[in-house]
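Asks: Sharing a structure below in structure tokens format, with a few things to ask.
Rule-based calculations on the coordinates, nothing more; no lab input. Remember, predicted model here, so these are calculated numbers, not experimental data. Please note: Cβ atoms are built from the backbone with ideal geometry, for glycine as well, and neighbour counts cover all protein chains shown.
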Amino acid sequence: MVPDALLPVRGSQEEGITEARDLLREGFVYVLPVTGFEAMELYAWPEVGEVQEPQWVNVAPVMPLMCIPVTPEGYPLTVRMHDAERVDRLAQSDPWNFPWLQDAGPAL
């Protein structure tokens, strides 16, 4: 079963990239220990309210528990290109409808 999530990527027309999956590269996923990580602090966003980001941070160096190699072919999530100007515009006009997939184009 493929997880119901998406990876938005920003393409570059100057680079001639037209397909979102063409931006994916071989790499690694690092599994980190939970010790020392803290949730990012809440912050105020005008016209939206208080925001809690899903990121966790650790200000100290961390030794990975595991290093898992990944390839574009093995990436199971939906990948879509996005237009940064469109995202900025919609973030201002309609922040509660994120990720605005109605007109985002086909998933790859």
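Asks: Is there any pair with a first residue in the range 69-83 that is free of Cβ contacts under 8 Å to residues at least 24 places away in the same chain and a second that is surrounded by fewer than 14 Cβ atoms within 10 Å (Cβ to Cβ) and in a helix (DSSP H, G or I) whose Cβ atoms are under 6 Å apart and which are 6 or more apart or on different chains, and what are they?
Replies: Taking only residues 6 or more apart or on different chains, not a single pair turns up.
Asks: I need the full set of residues from the range 59-73 which are within 19 Å of the chain's Cα centre (by Cα) and surrounded by 10 or more Cβ atoms within 10 Å (Cβ to Cβ), in order please. Show your work before the answer.
Replies: Initial filter on the range 59-73 (within 19 Å of the chain's Cα centre (by Cα)): 68-73.
I68, V70, T71, P72, listed by residue number.
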